[in-house]
Amino acid sequence: MRARYGVPLSITAVGAAGLAYAAGFEARSFRLRRVTVPALPSGMRPLRVLQVSDIHMVGGQRKKQRWLRSLAGLRPDFVINTGDNLSDPEGVPEVMDALGPLMEFPGAYVFGSNDYYGPKPRNPARYLLEKVQGRHGLNGNAPVVDAVHNPWEDLRDGFDAAGWQNLTNTRGTLKIEGVSVELTGLDDPHIKRDRYAEVAGGPSGAADFSMGVVHAPYLRVLDAYAADAYPLILAGHTHGGQLCIPFYGALVTNCDLDTDRVKGLSTHTAEGRTSYLHVSAGCGTSRYTPVRFACPPEATLLTLVGRDH
């Protein structure tokens with residue numbers, strides 16, 4: 001009997017321990033990454049940008065709320081929120097409370113699909129199947145039916161009241177101690193709400209620095225930004241793969257971006273032009289898959305410096 005059941009019981013024990021770690025510890029092991037990006041014009045003073053993404057707030061997540069509030073102590077020059085703030089239709093007040101101290105700083109935001117629609121239970125294996133089939137979100141899949149609609153208007157109104165720029169298929173400009181930063185944003189490509197034609201043409205030339213902002217880093221969007229000569233693109237959505245294999249990395253990105261660039265700083269080239277790309281692994285999970293493995297929740301402080309650095 002020992003020989004017959006020893007191995008399965010061992011595997012079960014290891015699996016249970018891994019699940020307990022992924023849900024009970026790592027999913028709440030919030031951390032800050034610091035990245036230096038040589039994207040500014042030569043001679044321009046450095047800019048410190050705090051990127052928060054994929055909060056996926058669910059009621060009662062007090063540790064996450066405290067951690068987000070504490071990020072204000074970094075005193076960034078400005079904040080970029082790359083979407084998916086909600087994973088609960090009742091979560092808007094807690095998002096606003098958690099981000100309240102950060103909204104004292106200049107900032108801008110785009111929305112992700114989970115800001116518009118509530119999540120549904122989903123088999124994680126479907127992400128692997130969709131990767132093989134080249135289907136992601138509404139890009140190749142059937143339209144969503146019977147979706148729960150989140151109160152995204154309340155979220156928008158709260159951000160706007162704080163003075164954050166709404167970058168939904170539009171441009172905005174932040175003034176930071178005499179420096180002007182032009183931001184060109186898109187609505188979420190994951191649900192085909194992006195309208196690049198409405199913002200095409202590249203940096204206007206009127207600002208000291210320009211960058212692109214989007215929730216989901218689909219290649220069609222990255223190609224457009226890079227071809228238009230934006231020096232930096234910020235995105236989220238991927239959760240860094242969320243469930244990763246140690247010493248190997250992510251299995252999926254939940255979009256058509258390759259897994260080598262699932263999180264962190266990389267580059268993207270289109271039509272002979274190259275942009276820096278930063279993809280945040282985000283600090284939350286879907287309420288139905290509240291686990292992370294080998295991919296801790298994060299926010300990122302990007303220090304932008306001159307290209308001659």
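The values are calculated or read from the model by the stated rules, or taken from the named source; none is laboratory data. The model shown is predicted, which means the values in this text are computed figures rather than measured ones. When we count neighbours, we look across all protein chains shown, and the Cβ atoms used for this are built from the backbone with ideal geometry, even at glycine. Note: areas computed on protein heavy atoms with side chains; ligands, DNA, RNA excluded. Shrake-Rupley method; radii C 1.70, N 1.55, O 1.52, S 1.80 Å.
Give the number of residues within segment 260-270 that are within 23 Å of A299 (Cβ to Cβ), open to solvent by 40 Å² or more (accessible area, probe 1.4 Å) and of a type in the set (V, I, T).
Count: 1.
For segment 148-163, does any single residue satisfy the condition of being within 19 Å of the chain's Cα centre (by Cα), buried (at least 16 other Cβ atoms within 10 Å of the Cβ), in a loop (DSSP other than H, G, I, E, B) and touching a residue at least 12 places away in the same chain (Cβ under 8 Å)?
Yes, there is a match, as at least one residue in segment 148-163 is within 19 Å of the chain's Cα centre (by Cα), buried (at least 16 other Cβ atoms within 10 Å of the Cβ), in a loop (DSSP other than H, G, I, E, B) and touching a residue at least 12 places away in the same chain (Cβ under 8 Å).
In this structure, is G91 open to solvent by less than 20 Å² (accessible area, probe 1.4 Å) and out of contact with any helix residue (DSSP H, G or I) (no Cβ under 8 Å at 6 or more places or on another chain)?
Criteria met by G91.
Return yes or no: is V132 among the aliphatic types (A, V, I, L, M) and either open to solvent by 50 Å² or more (accessible area, probe 1.4 Å) or closer than 26 Å to V58 by Cα (or both)?
Spelling it out, V132 is indeed among the aliphatic types (A, V, I, L, M) and either open to solvent by 50 Å² or more (accessible area, probe 1.4 Å) or closer than 26 Å to V58 by Cα (or both).
Just give me the residues in segment 102-127 being over 25 Å from L186 (Cα atoms) and either open to solvent by 80 Å² or more (accessible area, probe 1.4 Å) or at pLDDT 90 or above (or both), in sequence order.
Result: P121, N123, R126.
Considering only residues that are part of a helix (DSSP H, G or I) and in contact with a helix residue (DSSP H, G or I) (Cβ under 6 Å, 6 or more places away or on another chain), look in segment 182-214 and name the one that is surrounded by the fewest Cβ atoms within 10 Å (Cβ to Cβ).
Checked segment 182-214; the qualifying residue surrounded by the fewest Cβ atoms within 10 Å (Cβ to Cβ) is Y196.
Applying the selection to segment 276-307, what residues are over 17 Å from the mean Cα position of the chain (by Cα) and on the phi > 0 side of the Ramachandran plot?
Across segment 276-307, the qualifying residue is only A294.
Might you check whether a residue that is touching a residue at least 12 places away in the same chain (Cβ under 8 Å), more than 13 Å from the chain's Cα centre (by Cα) and part of a loop (DSSP other than H, G, I, E, B) occurs anywhere in segment 257-275?
Yes - at least one qualifying residue is present in segment 257-275.
State whether one or more residues within segment 159-176 are out of contact with any His (no Cβ under 9 Å at 6 or more places or on another chain) and more than 20 Å from Q51 (Cα to Cα).
Checked against the condition, which is being out of contact with any His (no Cβ under 9 Å at 6 or more places or on another chain) and more than 20 Å from Q51 (Cα to Cα), segment 159-176 yields no hits at all.
What are the residues in segment 48-75 that are assigned to a loop (DSSP other than H, G, I, E, B) and over 18 Å from the mean Cα position of the chain (by Cα), if any?
Result: G59, G60, Q61, R75.
Under 6 Å between Cβ atoms, at least 6 apart or on separate chains: pull out the pairs that start in segment 183-212 with a residue that is on the phi > 0 side of the Ramachandran plot and end on any residue that is in a strand (DSSP E or B).
none
Determine if segment 70-80 includes at least one residue that is of a type outside the set (A, V, I, L, M), farther than 26 Å from V305 by Cβ, open to solvent by less than 10 Å² (accessible area, probe 1.4 Å) and at pLDDT 95 or above.
no
Condition first: crowded, with 17+ Cβ neighbours inside 10 Å and farther than 22 Å from T36 by Cα. Now tell me which residues in segment 276-309 satisfy that.
G284, T285, S286, R287, T289, P290, V291, R292, F293, A294
All but one of (1) surrounded by fewer than 21 Cβ atoms within 10 Å (Cβ to Cβ); (2) among the basic types (K, R); (3) under 21 Å from D115 (Cβ atoms) hold for R273; which doesn't?
(3)
So for segment 218-238 (the condition being in contact with a Phe, Trp or Tyr (Cβ under 8 Å, 6 or more places away or on another chain), at pLDDT 95 or above and small (G, A, S)), does at least one residue qualify?
Yes: one or more hits.
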